[in-house]
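S.K.: For reference, the structure I am asking about is given below.
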Amino acid sequence: MEKIKEFYKENEKLCLGLGAAATVVTAGALLLRKGKRIPKKDPVPLFFQWKNDPGFTKENISLYRTEAMRRSEIVSDVRYTLFMSYGLEESFRGKLTTQFKLNTTEFEESELFFDFQGEAIAALEVNDERVDFKFEDQRIFFPKETLSEGINEVTLKFKNTYVRNGAGLHWFRDPGDDRVYLYSHLEPFFCHRIFPCFDQPDLKAPLSLTVHCPIREWVAIGNGKFKERFDLDSDKGQKLIDQEDLTSLTISEEGSFHVFEDSPLQSTYIYMFGAGEYHHFNNDDPKAQVPMKIFCRQSVKDLVPFKDKFRTVVEGINFFNKYFKLKYPFDKYDQIFCPEFRISAMENIGAITFSERLLRKESDRTSEQHTRHMYVTLHELSHMWFGDLVTMKWWEDLWLKESFADFMGALCLTSCENLADFKNGECFFLTFKFVAMNFDQRFTTHPILAPIKHTEDATSVFDPISYDKGASFINMASYMLGKDVMQEAASKYLNKFQYKNTELPDFINCLDEAYKKNNDDDFDIYEWTDTWLKTQGFNSIEPRIIYSEDGQTIEKFEIVQTCVQNSTEVFRSQKIQIAFYDENNEETLFDNILIKGVEVTTVEELAGKATPKGILLNSNNYGYCRIGFDEASIEYFKENTQHIKSDLNRNFIYRSLWQYYQANQTPFENYFTLAKNSLLSETSMNAVEVLLNSISKYNFSYTKPADKAEAYQASYELALELFKKTENQHDRNSISEYVVRFLSSKTQAVQFLEKNTILDSNGNPVHEDFELTQVSRHYLITSIHSTHEINAEVKQKFLEANTASKTFEEKKLEIACDAANPDNKEKWWNSFIDGTEYSKEEYCAAMDWFYSSSSEILMAEYAPKFFENLNLVFQTKHRDYAEEFITRLCPINLGREEDKQKLDDLYQAAEEDRTHYKKYLKIASEDLADVISKRQ
């Protein structure tokens, strides 16, 4: 056996490619030539071959909180040294050396393991000794007796495959130029989908990374600063291969090595791996405090607003440095645009990834879309402090990074004078609140501090509660406690816990210290924050007013709190502002109105005030609550909101009255009157989009099938009239996309495409210098493919003209048109169930147009098949794909009680621990119940 081991070390590359028996035979043959015989009784050296995990093909197997907490008791001071060899097509290989401190030997062998959802492992050594090991169900266990208290070192080789779902190391081939691009996304529990590691946030570790790229033109991207590059066939390359014993990794004989400086101490979910023939922009701003680059595919480089991106980051770093009293903590700031990215962006240290969905060519941009892009940029930048420098211990405290990133991104956008050209930044706080409240009254809501049993649950809380509600709480707390208090608490927290992991009490202690420093009352921060962070739901507030006999003055003004559905039964304390409006639409503002933690609060300072025409509770949007209106105020706002001077309050009224309608407190006619009276004079594009989005939601979901044509026509005429009076090019882009969305005539769609513009009722261009955006063209082309009404040659002409460049967007257009075709429904349904032919993003393009213009008929036809296959899809497909399947294909718009019952029956039949499946069943059931109630 010792001689076989010697042979193996000398011929490792050969042996790793062979099975165990073949290794023995080969070793025996070669050793016999040297006069050395292998005894037949020697066992097969199993640790000389690749060992596969039978559970590799299973969906991501959860790590439980109890397991993670126990593992962080056993080990600490982790460090990874990683060599990666990227393949050009389906797979990659690597060599990993992990150092860690073993804090105790008092543990069960099953309690210490690497997480690894990978294909195979070989050559595992513990403290320089080759050992056998167990590799099953995405975990690698090694013999406890090989470890000793103190520093230990584990070395192994691994092989793995790229992913196409964005959860791991994603592979993408550009359909236009055939270039290959790689990028990673690892949050919350996907780092081990690349290499073996302790994949939990509180086992932070620096990463020493060297990668081999198979093509010389490729660049590599990582968290650490780029150090050097040299070709594989150079002397330095060959020396590296020999020194690190890399021959078994089947490196191609071409390509180059890319070496990075060690990354900072960081959690595994924010490592970043990227490679490909990326184009890059360098930042030449002399005010930049750190080196910056922007990477993107060669084919989208003309879409990247690199000057605005660099300017936003430079201004953001300056703002956060001052606000946190802590300088940007890392040594570079790269930004990478990624195709098929599963979320908007990800805060990997020094290598932030962004979805290409944020990109549009300059002439196609809308003001709101571009402002949103810059806000996302600042959200990710703030994560360098909240999340990366200071990280939550476990996923129940996800809000400690996401809520603050939301809040800080919006605060920076509204505070920096040099970013003032990105308009309506203050409306992000409105968006946070209303998005959060829409989710926070669902059955599936949860406290901001959510109990997270395992990583499957962790994935499910990346939702409006952890982001938007948490940000709304911080905004409300800043007003309640004082902006200086919140700033000092944030600064104290970050400076105290940098490079550490934290839990809720760590921040609340800092908040308490900051409050007591600035106040001498006995306010209990801990009790107050518990009512907000450890309970779910929110309160609705209504005015209850007693007027004088002549109706001219207020005798008593009360605010009545109720708990919305699915809310914890608790009345929460907060401060708000109240605005009164008179007959001239002038505003009188009452500041610092304290709503007590009781059902009824009497507002003493409003007694004796003149009776207003309109009353707006929570003016300027500091509180987190749903507001109610008295009848007189509803009538006033329907007719006069457009005359209110404050952009923020107009926007707040539009959103609040829509929410009042959704709560079945006022008919849609009131909202539509408000919209018609306000749209043509509204100057805030954010507010315009809020109004048009609400009308679109009503048309698509709440209108009965028999009334849809009339509703869409009325909306089309309103949007067209607004488009006619709009002068700004970027605003025209935005409104034109609503005009197209509301257009129901396929003949008119062809006319729009022929002239490549928006036409009036006489067939003339509304604006001679306006061209349709790509979004509008693609929508219209797909729309005409959804019917036999338009000649096939006409459809093909437009499709070919708009897919000539073979870009990824154009490929998705081809897919959408094919799925929209009435003759292709069965083919596409079978493909949806299979789910392997296309990427998730390509499937989304098809799903969006599967039902197309004949939605009710097709939904009724495919509803039985949907319910028959739903459980199977969630059992066998990646969670992201399953979410898209139920969200885009559930027959909600049929508005049928029988379908709601089927969803509820599936929910009841599902096992308790299938939390992801049950969550989306309940969401679909609630959405369907909402449609049913609105159509009654």
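The values are calculated or read from the model by the stated rules, or taken from the named source; none is laboratory data. In this text, all values refer to a predicted model and were calculated from it rather than measured experimentally. Don't worry about glycine lacking a Cβ; one is built from the backbone with ideal geometry, like all the others, and counts go over all protein chains shown. Calculation scope for accessible area: heavy atoms of the full protein, side chains included, ligands and nucleic acids excluded. Shrake-Rupley method; radii C 1.70, N 1.55, O 1.52, S 1.80 Å.
S.K.: What whole number of Å gives the distance from the Cα centroid of the range 705-780 to the Cα centroid of the range 201-243?
M.R.: With the range 201-243 and the range 705-780 each reduced to a Cα centre, they are spaced 52 Å.
S.K.: How much accessible area per residue does the chain have, counting only protein heavy atoms and a probe of 1.4 Å, in square angstrom?
M.R.: Normalised by residue count, the accessible surface of the chain is 39 Å².
S.K.: From the residues Val873, Ser415, Met486, which one has its Cα farthest along the dipole of the chain in the positive direction, the dipole being from +1 and -1 charges on Cβ of Lys/Arg and Asp/Glu about the Cα centre?
M.R.: Val873
S.K.: Additional query: Expressed in whole Å with the largest first, what are the equivalent ellipsoid semi-axes of the range 267-399 derived from the C-alpha gyration tensor as the square root of 5 times each eigenvalue?
M.R.: 23, 18, 15
S.K.: Give me Rg over Rh for the range 192-325, both radii from the alpha carbons and Rh done the Kirkwood way, two decimal places.
M.R.: Rg divided by Rh gives 1.02.
S.K.: Next up: Using just the Cα positions, wrap the chain in a convex hull and report its mean projected area in square nanometres, one decimal place.
M.R.: Average projection, Cα convex hull of the chain: 42.6 nm².
S.K.: Here's something else I'd like to know. If you line up the long axis of helix 20-33 against the longest principal axis of the chain, both from Cα atoms, how many degrees apart are they, to the nearest 10?
M.R.: 30
S.K.: Give me the percent of accessible area attributable to carbon and sulfur for the range 607-672, probe 1.4 angstrom.
M.R.: It is 45 percent, rounded to a whole number.
S.K.: On to the next question. How much of the DSSP bridge set in the chain is antiparallel, in percent, rounded to the nearest 5?
M.R.: Antiparallel bridges make up about 80 percent of those DSSP assigns within the chain.
S.K.: Let me ask you something else. Expressed as an acute angle from 0 to 90° and rounded to the nearest 10, what is the orientation of the C-alpha long axis of helix 685-697 relative to the principal long axis of the chain?
M.R.: 90
S.K.: Can you spot the aspartates and glutamates whose alpha carbon is less than 17 Å from Lys725's alpha carbon? Ignore those fewer than 8 places along the same chain.
M.R.: Of all the aspartates and glutamates, those that pass the test against Lys725 - Cα under 17 Å, at least 8 places apart if same chain - are Glu682, Glu689, Glu717, Glu737, Asp760, Glu768, Asp769, Glu771.
S.K.: Summarise the accessible area of the range 709-804 (1.4 Å probe, protein heavy atoms) by the percent that is carbon and sulfur.
M.R.: 44
S.K.: Let me ask something else about it. I need the shape label for the range 634-788. Rule: rounded when a/c is under 1.5, else prolate if a/b > b/c, else oblate, with a, b, c from the alpha carbon gyration tensor.
M.R.: oblate
S.K.: Based on a Kirkwood Rh over C-alpha pairs, give the Stokes-Einstein translational diffusion coefficient of the range 614-694 at 37 °C and viscosity 0.692 mPa s in µm²/s.
M.R.: Using the Kirkwood radius from Cα pairs, D works out to 263 µm²/s.
S.K.: Using a probe of 1.4 angstrom, how much of the accessible area of the range 222-337 is carbon and sulfur, in percent?
M.R.: Exposed carbon and sulfur together represent 47 percent of the surface.
S.K.: Also, quick follow-up: Sticking with the crude label model, points 7 Å out along Cα→Cβ, report the distance from Lys101 to Lys806 in nm, one decimal please.
M.R.: About 5.6 nm separates the two model spin labels.
S.K.: Express in % the proportion of alpha carbon pairs of the range 723-823 at distances exceeding 17 Å.
M.R.: That tail contains 50 percent of the Cα-Cα pairs.
S.K.: Is there a quick way to get the dipole size of the chain? I mean about its Cα centre, with the Cβ of Lys and Arg at +1 and of Asp and Glu at -1; what is the value in debye to the nearest 20?
M.R.: 2180
S.K.: Pairing the Cα long axis of helix 746-755 with the longest principal axis of the chain, what angle in degrees results, from 0 to 90 and rounded to the nearest 10?
M.R.: Long axis of 746-755 versus the principal axis of the chain: about 80 degrees.
S.K.: If you don't mind, there's one more thing I want to ask. In the range 357-497, what is the volume of the convex hull around the alpha carbon atoms, normalised per residue and reported in Å³?
M.R.: 132
S.K.: If N is the number of residues in the range 502-572, what value comes out of its Cα radius of gyration divided by 2.2 N^0.38 Å?
M.R.: 1.62
S.K.: For the range 500-636, what is the percent of antiparallel DSSP beta bridges, rounded to the nearest 5?
M.R.: 90
S.K.: Among Thr726, Phe83, Thr641, whose Cα lies farthest out toward the positive end of the dipole of the chain, if unit charges sit on the beta carbon of Lys, Arg (+1) and Asp, Glu (-1)?
M.R.: Value: Phe83.
S.K.: Bin by bin, in steps of 10 Å, what percent of the Cα pairs in the range 865-936 do you find, going until the bin that has the longest distance?
M.R.: 20, 57, 21, 2
S.K.: Answer with one residue from Ser656, Ala801, Thr588: the one whose Cα lies farthest towards the positive end of the charge dipole of the chain, charges on Cβ with Lys, Arg +1 and Asp, Glu -1.
M.R.: In the chain, that residue is Ala801.
S.K.: Report the normalised scattering of the range 511-637 as log10 I(q)/I(0) at q = 0.15, 0.16, 0.18, 0.20 Å⁻¹, calculated by the Debye formula with identical scatterers on the alpha carbons.
M.R.: -0.76, -0.85, -1.01, -1.16
S.K.: Mind scanning Lys204/Lys325; Lys423/Lys517; Lys227/Lys453 and naming the pairs with a C-alpha gap bigger than 30 Å?
M.R.: From the list (Lys204/Lys325; Lys423/Lys517; Lys227/Lys453), the Cα-Cα distance tops 30 Å for Lys423/Lys517; Lys227/Lys453.
S.K.: Can you give me the orientation-averaged projected area of the convex hull built on the Cα atoms of the range 675-728, in nm²?
M.R.: So the Cα hull casts an average projection of 3.7 nm².
S.K.: The range 639-664 to the range 888-917: how many Å between their Cα centroids?
M.R.: Centre-to-centre distance over Cα atoms comes out at 34 Å.
S.K.: Grab the beta carbon distance between Gln908 and Arg888, set R0 = 25 Å, and tell me the FRET efficiency rounded to 0.05.
M.R.: Once rounded, the FRET efficiency stands at 0.55.
S.K.: So, in Å, what gap is there between the alpha-carbon centers of the range 567-608 and the range 825-857?
M.R.: Going from one Cα centre to the other spans 49 Å.
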